[in-house]
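Nothing in this text is a laboratory measurement; each read-out follows from the coordinates by a stated rule. Since the structure is predicted, the reported quantities are computational estimates derived from the model, not experimental observations. Note that each Cβ is placed from the backbone with ideal geometry, even for glycine, and that neighbours are counted across all protein chains shown.
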């Protein structure tokens, strides 16, 4: 049994995903009245994925309305970007997660791609 575990450890490939920081975020007042914002840094570690979608959710994973420059972001392998998310102050009490989800292109579906979802949680 020990030999099998050692062999698996030697031949295992590391799983690469995208990153989003900070892990625990805080909204701050924006320049618009009644609107708050948060700035997240996004980093793509996946060579096979170029597009990512952003969403905001409550504790039960229901979507919450938000605004951003781009909900669907194209970012190259090892590229990074700053994403500014805007929400109404009335919705702040409901927000729990901001998530980025990889989007697989239709022509890439034949390959063995895995979609990934990374979420940051509100403090």
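Rank these for me by crowding, 95, 35, going from fewest to most other beta carbons within 10 Å.
Details: 95 21, 35 15.
So the residues, fewest neighbours to most, are 35, 95.
Could you work out the relative contact order of segment 15-122? I mean the mean sequence separation of Cα pairs under 8 Å and 6+ apart, divided by the number of residues, in percent. Present the calculation step by step, with values, prior to reporting the outcome.
Values: 226 pairs, mean separation 35.7, N = 108.
RCO, segment 15-122: 33 percent.
Would you kindly state how much longer the chain becomes between residue 117 and residue 21 on full extension, computed as 0.36 nm times their sequence separation minus their alpha carbon distance, in nm to one decimal? Can you show the working numbers first?
Details: separation 96, 0.36 × 96 = 34.56 nm, distance 1.36 nm.
Gain on extension, residue 117 to residue 21, equals 33.2 nm.
Using the count of nearby Cβ atoms within 10 Å as a rough guide to exposure, how do 83, 64 rank from fewest to most? Could the numbers behind the result be given before it?
Working: 83 20, 64 17.
The most exposed by this proxy come first: 64, 83.
Once you sort the root eigenvalues of the Cα gyration tensor of segment 15-122 as a ≥ b ≥ c, which label holds: rounded (a/c under 1.5), prolate (a/b larger than b/c) or oblate (the other case)? Show your work: numbers first, answer last.
Numbers: a/c = 2.24, a/b = 1.93, b/c = 1.16.
Prolate.
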